Structures are given as structure tokens and as C-alpha cells.
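Enquirer: Encoded as C-alpha cells, here's the structure I'll be asking about.
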Amino acid sequence: MKLYKGLVAATVEALQDIFVKNRQADRVVEQLLKSNKKWGARDRAFIAENVYEIVRWWRLVKYAAHVEKATESEDFWHLAGAWQLIKPLQLGGHEVLESLPEWPEFEGLNPQSVRERYQEGLKTRRIAQSMPDWIDQIGESEVGEEWAAELAALNKTAPVVLRVNSLKTDIATVREQLGFDITETVSGVPEALLLKKRMNISGLDSFKNGFFEVQDAGSQLIGPYLDVHAGMSVIDACAGAGGKSLHLAALLGNTGSILSMDIEHHKLQELERRASRNGVTNLTTMLISSEKTIAHLSGTADRLLLDVPCSGLGVLRRNPDSKWKLKPEFLDKIRKVQADILENYSKMVKKGGKMVYATCSILPSESEEQVRAFTKRHKADWQFVSEHRTSPARDGFDGFYMALLERK
Ligand SMILES: C[S@@+](CC[C@H](N)C(=O)[O-])C[C@H]1O[C@@H](n2cnc3c(N)ncnc32)[C@H](O)[C@@H]1O
């Protein structure tokens, strides 16, 4: 395998943006690829894959390269070089590199020592699975026996899953358009199609026409969990850019109403663009600007979705950089926000109505325990109905939690 200096330099630049300038990995890669139109498909794949995999295996790569703290450009070159040496061992399916090109940037990086330290690193779980100590500790204490398997699964590359938009088309038509050989249905998730080959989805006419959205199979179980029926008034109170609002609109067949709310205006703007592409006609958006916004809607919803902000520890496959950016203080803060949202927003549900509380975290303290504490406080007016967890290790989906509650 020949290494091209320009591509390794671009990988180094992206890593510096992510770890020094603290920028989000997906944005960095997207921008880098956009601003270098001359790169071909192979170059793009090299950069995207290498950046994501180095971010995913950051602690292990640092250990192998003997880089304690990456701050200087030289550190990042050494990390990019070390990754090329250990990649075939770590991922398989890549040609083994006996030595690195004789570039001045790789000076002082000894392939033999990198491979030895890599093998050494594999003996300690936190290094081998490339996880900060504090997350590994919390995972072990909260998730217990299953943590080791979940941890390993959270380090796999996530599959691309589509949700076929039933407002516009059906699974068979989309499979015909994309190819039966590269799409696969997903057991238990009726509108999901798994892509067996990576492709530029946003460039496809079928995407531009709103025939499908990208949405993990686990996430696609949350809309149906809310038990919506035609004509209902539904509130999605933490709607973000609307992955689940759009699904709910399709489940309602564009009947009734969906009110999609969030505290971030730009997300709601993106949601509106997506709703229009999806042919959604029963949805309005509302910015939450103060507690009054919620208070005004008291007792108005047949169904309420609370897809609350969380640590994102269930979706590390897709956002590997978040394990390095997440801080214990944030986890404490976000648990408080979750409890407040549950407490205050639940008032929007009518008597006899239902609510789903959902997270993309595999930690019970953000999920099951929040729901237990809420139902304990509200025995008189809320009934716990059921809960469900998706597991990266067990079913290959992202790690979501969903609980259904009914207002008495
Ligand atoms: C897990 S994300 C939602 C993802 C979205 N439902 C989807 O399916 O694409 C959580 C959202 O909650 C929003 N949020 C954070 N604090 C909030 C609050 N106090 N009230 C409402 N939304 C909030 C965030 O801006 C974020 O968009």
C-alpha cells in the first residue's frame, strides 16, 4: 500500500482540528472533503476512514506511538504514522506496512516499537478498547456484566440504516431503486433498510425526493413505541433536527398534528427543510424560549415524546469523538436537565394520554433510574407501562432506551 503525503497531511490537519480546536469530527471531515473537490473517491474514503478510526482508537494509538499528550504537529504525524502500522492488526483487511515512508515528519517513529507497544496496550481493557478511565468505571458499575460486550460493540463501525418514508413510497420501491443486492431488510423494524455498501446518499435523487432518511434501526423503534393513532395531537418536545418527528408524521399518515419543539432554533430550521422534503404536512415547529412556552401547552397532547439530551454513550459507534469530549461534570448536569424535563414537560399530556421518555445512552442513571424516580414521585397520576432497550452488542443497533408511561 502506497501512502500519499497529501492525504496523510489532510488526516493530520483534521485530527488537530478535532483534538486541539475541539471541533466535531463529522463536521471537520465533511468540510475537509467539501473544500478539496479534486480528491477522488478513494482519497475521500482514505481520509474519512483514517480520521474516524484514529479518533475511535485514540488512546490505543497514542499508547502505541508513545505520545502522552498530542499538542504539536509532530505528535499528530506520529499518531497518523503509527495508525498506518497497526491498522492491519486492529481492523484486518489492510495490507501490512513493513516500514513507513522516509518523511521527516515520521522521524523518530520506530515501526518495531510501535507494534510492540500496540501488543502491550491490548492487555489492558481501557487501552485496548480505547476508553477514558472514568467512562469505563461508570459503565462497569452501572451496566455490570454486559459492559465489556457493549464496550466492544460500541467500537465497531456503525452500519448505515435508512428509514423508508411511507408518506411517499415503500420498501420494495426503494430497494428496487438502490439495488436489492446492496440493501437488506431489518428484522422487527418494518421501515428499515440496511445498506451493505457505503454510498453518497445525499446525492441520490431518491433521497432528494424524500423517499428515505438515514436513521439507525434502534432509533426507528422509538416512534412506534409512542402508540400514535390517526388524528392525534402529538408533541415532540426535544425534536432537534427531527429524525423522530418525521417518523411520527409518517406513522400518523399526515393526519392529526405534530408540534416539534426544541431550545435550538437552527435545529428546528433544519427540521422544517427535512419535513418539506419528506412531504410532511401535519407538523409545526415551536422554539422553547422560556418555561411559559411549556406551561401554555398544559394538558394538550394525546402523545408526548421526550427524546431528552443525554451523554450519547449509546451512539459512540457514530460519534467516537464524544468519548474524548464528554466530561463527568456534563453527565451530572445532564441528568438534572433530564429530570427537570420529565417533571415539567410531562404536564403537557392530557389525562389518559401517553408519553415516551427516550435516551441514546446505555447508562441506567440517565434512563431506567430517571423513569423510576419520576413514577415514584407521581404515583397518583402516572402509570409505568413498559420499557425497552436496544443494544449494540445484542442486536447490532445503537444503544437506545425507551419507556412508555400513561397519565391517569
Ligand atoms: C437527543 S437530541 C434529539 C434528537 C431528535 N429527537 C431526533 O430524533 O433527531 C436532544 C435534543 O434536546 C434538545 N434540548 C436540550 N435541552 C432541552 C430542553 N431543556 N428542552 C427541550 N429540548 C432540549 C437539544 O437541542 C437536542 O436537539
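Enquirer: Examine the range 344-356 for a residue that is within 11 Å of the ligand (Cβ to nearest atom) and either touching a Pro at 6+ places or on another chain (Cβ under 7 Å) or not hydrophobic (A, V, I, L, M, F, W, C) (or both), and state whether such a residue exists.
Expert: Within the range 344-356 (the criterion being within 11 Å of the ligand (Cβ to nearest atom) and either touching a Pro at 6+ places or on another chain (Cβ under 7 Å) or not hydrophobic (A, V, I, L, M, F, W, C) (or both)), the answer is yes, since at least one residue qualifies.
Enquirer: Listed residues 112, 90, 24; which is closer than 18 Å to residue 130 by Cα and either touching a residue at least 40 places away in the same chain (Cβ under 8 Å) or not charged (D, E, K, R) (or both)?
Expert: On the way: 112 fails: closer than 18 Å to residue 130 by Cα; 24 fails: closer than 18 Å to residue 130 by Cα.
Going through 112, 90, 24 in turn, the sole match is 90.
Enquirer: Hey, can you tell me all the residues within the range 30-45 that are part of a helix (DSSP H, G or I) and either modelled with pLDDT under 90 or farther than 20 Å from residue 17 by Cα (or both)?
Expert: Just the residues of the range 30-45 that are part of a helix (DSSP H, G or I), to begin with: 30-34, 41-45.
Result: 41, 42.
Enquirer: When residue 282 is evaluated against the numbered criteria (1) more than 11 Å from the ligand (Cβ to nearest atom); (2) touching a strand residue (DSSP E or B) at 6+ places or on another chain (Cβ under 6 Å); (3) touching a residue at least 40 places away in the same chain (Cβ under 8 Å), which criterion, by number, is the only one it fails?
Expert: Residue 282 satisfies every listed condition except (3).
Enquirer: Now for a separate question. For the range 216-237, give me the residue count where each residue is surrounded by fewer than 23 Cβ atoms within 10 Å (Cβ to Cβ) and within 19 Å of the chain's Cα centre (by Cα).
Expert: Selection size over the range 216-237: 1.
Enquirer: Pick from the range 285-308 the residues that are among the hydroxyl-bearing types (Ser, Thr, Tyr) and within 13 Å of the ligand (Cβ to nearest atom): which of them is surrounded by the most Cβ atoms within 10 Å (Cβ to Cβ)? So that I can check it myself, show each step before the final result.
Expert: Taking the range 285-308 first, the residues among the hydroxyl-bearing types (Ser, Thr, Tyr) are 285, 289-290, 293, 298, 300.
Within this subset, residues satisfying the condition of being within 13 Å of the ligand (Cβ to nearest atom) are 285, 289-290, 293.
Numbers: 285: 20, 289: 9, 290: 7, 293: 14.
Result: 285.
Enquirer: Could you identify the single residue in 120, 95, 142 that is acidic (Asp, Glu), over 27 Å from residue 196 (Cα atoms) and assigned by TED's automatic domain parsing to the domain that holds residue 46?
Expert: Checking each option against the conditions leaves just 120.
Enquirer: Would you confirm whether any residue within the range 309-322 is within 15 Å of the ligand (Cβ to nearest atom), surrounded by 14 or more Cβ atoms within 10 Å (Cβ to Cβ), over 24 Å from residue 369 (Cβ atoms) and under 20 Å from the mean Cα position of the chain (by Cα)?
Expert: Pass one, the range 309-322, residues within 15 Å of the ligand (Cβ to nearest atom): 309-316, 318-319, 322.
From what's left, surrounded by 14 or more Cβ atoms within 10 Å (Cβ to Cβ): 309-316, 318-319, 322.
Applying the additional criterion that residues be over 24 Å from residue 369 (Cβ atoms) yields 318.
Right, trim to under 20 Å from the mean Cα position of the chain (by Cα) and you get 318.
The answer is yes; a qualifying residue exists.
Enquirer: Still on this structure: Give the range 174-215 a look and list any residue that's among the acidic types (Asp, Glu) and either over 26 Å from residue 358 (Cα atoms) or exposed (fewer than 15 other Cβ atoms within 10 Å of the Cβ) (or both), or say none.
Expert: Taking the range 174-215 first, the residues among the acidic types (Asp, Glu) are 176, 181, 184, 191, 205, 213.
Answer for the range 174-215, where residues must be among the acidic types (Asp, Glu) and either over 26 Å from residue 358 (Cα atoms) or exposed (fewer than 15 other Cβ atoms within 10 Å of the Cβ) (or both): 176, 181, 184, 205.
Enquirer: Which residue, of 82, 9, is assigned to a helix (DSSP H, G or I), farther than 27 Å from residue 131 by Cβ and not β-branched (Val, Ile, Thr)?
Expert: Details: 82 fails: farther than 27 Å from residue 131 by Cβ.
That would be 9, the only listed residue that is assigned to a helix (DSSP H, G or I), farther than 27 Å from residue 131 by Cβ and not β-branched (Val, Ile, Thr).
Enquirer: Can you work out which of the residues in the range 323-338 that are in contact (Cβ under 8 Å) with a residue 24 or more places away in the chain and more than 11 Å from the ligand (Cβ to nearest atom) is surrounded by the most Cβ atoms within 10 Å (Cβ to Cβ)?
Expert: At the first step, the residues of the range 323-338 found to be in contact (Cβ under 8 Å) with a residue 24 or more places away in the chain are 323-326, 328, 331, 334-335, 337-338.
Of the ones still in play, those that are also more than 11 Å from the ligand (Cβ to nearest atom) are 323-326, 328, 331, 335.
Working: 323: 22, 324: 17, 325: 14, 326: 19, 328: 12, 331: 19, 335: 19.
Looking at the filtered set, the residue picked out is 323.
Enquirer: Only one of (1) within 16 Å of the ligand (Cβ to nearest atom); (2) at pLDDT below 95; (3) among the aliphatic types (A, V, I, L, M) is not met by residue 204, so which one is it?
Expert: With respect to (1) within 16 Å of the ligand (Cβ to nearest atom); (2) at pLDDT below 95; (3) among the aliphatic types (A, V, I, L, M), residue 204 is out only on (1).
Enquirer: Taking the range 208-253, which residues are within 10 Å of the ligand (Cβ to nearest atom), assigned to a loop (DSSP other than H, G, I, E, B) and of a type in the set (S, T, N, Q)?
Expert: Result: 215, single match.
Enquirer: Mind listing whichever residues of the range 1-38 are more than 25 Å from the chain's Cα centre (by Cα) and farther than 22 Å from residue 106 by Cβ? Outline the logic, then answer.
Expert: Taking the range 1-38 and keeping what is more than 25 Å from the chain's Cα centre (by Cα), we get 1-9, 36-38.
If the condition is that a residue be more than 25 Å from the chain's Cα centre (by Cα) and farther than 22 Å from residue 106 by Cβ, then 36, 37, 38 are the ones that fit.
The values are calculated or read from the model by the stated rules, or taken from the named source; none is laboratory data. Please read these numbers as outputs of a predicted model, since none were measured by experiment. Because the Cβ atoms are built from the backbone with ideal geometry, glycine has one as well, and the counts that use them run over all protein chains shown.
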